Amino acid sequence: VEQAYAAPIPARMADIDPISTAAVPKSGWSIQVASSPSEVEARAFLTRTTRQAGDALADASPYTMTCEKGGVTYDRARFGGFQNKGDAWDACKALKRKKIECYAVEQ
């Protein structure tokens with residue numbers, strides 16, 4: 001079961017700082033930090049995660065990825081651009097030290 005980790009949707013889109021997201025990587029490794037039933041929530045989570053742990057994600061590119069599970073559409077909040085599993089795991093460990101849950105996935 002997918003679980004949403006993102007906070008509730010802000011009252012207005014203007015309440016969310018804009019974040020540019022990259023195209024979904026076709027290869028390499030990414031780390032997933034949230035899955036949400038809303039792209040707005042997923043992007044907001046990417047913004048907050050970048051603010052909280054920007055140093056650990058300095059070379060990563062934030063993006064959202066839409067998927068469907070059990071007839072429900074989710075938007076996954078991910079950071080991509082890791083060359084190998086070790087780099088993705090290291091970034092995830094750094095996020096976990098900041099109390100941000102994540103896991104590494106191969107594209």
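The values are calculated or read from the model by the stated rules, or taken from the named source; none is laboratory data. Model, not experiment: these values are computed from the prediction. Cβ coordinates were reconstructed from backbone atoms using ideal geometry, including for glycine residues, and neighbour counts include every protein chain displayed. Just the protein is used for accessible areas: all its heavy atoms, side chains included, with ligands, DNA and RNA removed. Shrake-Rupley method; radii C 1.70, N 1.55, O 1.52, S 1.80 Å.
Before moving on, here are some points about what is shown:
- Rough spin-label spacing in nm, given labels placed 7 Å along Cα→Cβ, for R51 and V105: 2.5
- Radius, Kirkwood style, for the stretch 61-107 when every pair of distinct Cα atoms is counted (Å): 11.8
- Cβ-derived FRET efficiency at R0 41 Å, D59 paired with S38, nearest 0.05: 0.90
- Cα-based shape type of the stretch 24-65, given that a ≥ b ≥ c are square roots of the gyration tensor eigenvalues and the cut on a/c is 1.5: oblate
- The solvent-accessible area of F45, taken with every protein chain present and a 1.4 Å probe, is close to 30 Å².
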